[in-house]
1. Restricting to the range 163-175, name every residue that is part of a helix (DSSP H, G or I), touching a residue at least 24 places away in the same chain (Cβ under 8 Å) and under 21 Å from Phe114 (Cβ atoms).
2. Yes or no: the range 97-108 includes at least one residue that is in a strand (DSSP E or B), more than 16 Å from the chain's Cα centre (by Cα) and among the hydroxyl-bearing types (Ser, Thr, Tyr).
3. What number of residues within the range 114-150 are modelled with pLDDT of 95 or more, more than 9 Å from the chain's Cα centre (by Cα) and hydroxyl-bearing (Ser, Thr, Tyr)?
4. Checking the structure you have, find out if any residue of the range 9-27 is part of a helix (DSSP H, G or I) and in contact (Cβ under 8 Å) with a residue 40 or more places away in the chain.
5. Can you give me the number of residues within the range 179-209 that are assigned to a helix (DSSP H, G or I) and either surrounded by fewer than 16 Cβ atoms within 10 Å (Cβ to Cβ) or more than 18 Å from the chain's Cα centre (by Cα) (or both)?
6. Inside the range 37-66, can you point out the residues that are closer than 21 Å to Thr110 by Cα, part of a loop (DSSP other than H, G, I, E, B) and in contact with a helix residue (DSSP H, G or I) (Cβ under 7 Å, 6 or more places away or on another chain)?
7. Scan the range 100-124 for residues that are surrounded by fewer than 23 Cβ atoms within 10 Å (Cβ to Cβ), within 26 Å of Ala12 (Cβ to Cβ) and out of contact with any helix residue (DSSP H, G or I) (no Cβ under 7 Å at 6 or more places or on another chain) and jot them down.
8. Can you tell me which condition Thr117 does not meet? The list is (1) under 19 Å from Leu2 (Cβ atoms); (2) in a helix (DSSP H, G or I); (3) in contact with a Phe, Trp or Tyr (Cβ under 6 Å, 6 or more places away or on another chain), and all the others hold.
Amino acid sequence: MLTPELMLAGYAKGIFPMAESRDDDALHWVDPRLRGILPLDGFHMSRSLRRRILREPHEIRVDATFSEIVAACAARAETWINTPLMQLYDMLHARGHAHSLGVWQDGTLTGGVFGVTLGRAFFGESMFSIRSDASKIALAYLVDRLRAAEIALFDTQFVTPHLASLGAVEISRADYHSLLAEALEGTASFTSPKTPSPQLLVQRSTQMS
């Protein structure tokens, strides 16, 4: 039986658990030959996303609705997040090793992202969006927070076309393990940084690009 402690030990070795589907209670470890990461100095914020962040009122909440965001990420036709994984994420969240960032618009949770932290590494698990670009807004604020917290590695597991458009890249397993080893040597606090205003977020992103 997979426990939170064993799950963290797996992350430290460069592997992560997944299910075949939400209806399959079994979990298996994944160790991709090519690993997805998002270099924090390589995040791409398009002009259209900048305009949306500046013009559409929104509120960012960190760790406020963790279980709800995980459930929203799993609420799709096909998902690798089953009930045992959701329970494990909740336990990791209670231990301070799993975090969420949600985007609220007009009083509704419209997008969000969650992941696991260990040392100075952030292992991004999943994101969701029910309004146009809400997941991109969440990712923009997440990247800013990871930079402020001095996170050294943002692991995306795989690279989708969506993530590639935002700056994610694939690296070899060996290169990933090298980056992971360095990231595990330090400590970082996901919750310490303050959430910037939309104007400051866009300004920081522009300076980094």
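The values are calculated or read from the model by the stated rules, or taken from the named source; none is laboratory data. If you're wondering where the values come from, they're calculated on a predicted model, not measured in any experiment. Note that we place each Cβ from the backbone using ideal geometry, even for glycine, and neighbour counts take in every protein chain shown.
1. Result: Leu163, single match.
2. Taking the range 97-108 and keeping what is in a strand (DSSP E or B), we get 98-105, 108.
Filter again for more than 16 Å from the chain's Cα centre (by Cα), leaving 104-105, 108.
Then drop every residue that is not among the hydroxyl-bearing types (Ser, Thr, Tyr), which leaves 108.
The answer is yes, given that some residue of the range 97-108 is in a strand (DSSP E or B), more than 16 Å from the chain's Cα centre (by Cα) and among the hydroxyl-bearing types (Ser, Thr, Tyr).
3. Final tally of qualifying residues: 4.
4. Yes, the range 9-27 contains at least one residue that is part of a helix (DSSP H, G or I) and in contact (Cβ under 8 Å) with a residue 40 or more places away in the chain.
5. 11
6. Met45, His58
7. Residue satisfying the conditions is Gly124 alone.
8. Status for Thr117: all satisfied but (2).
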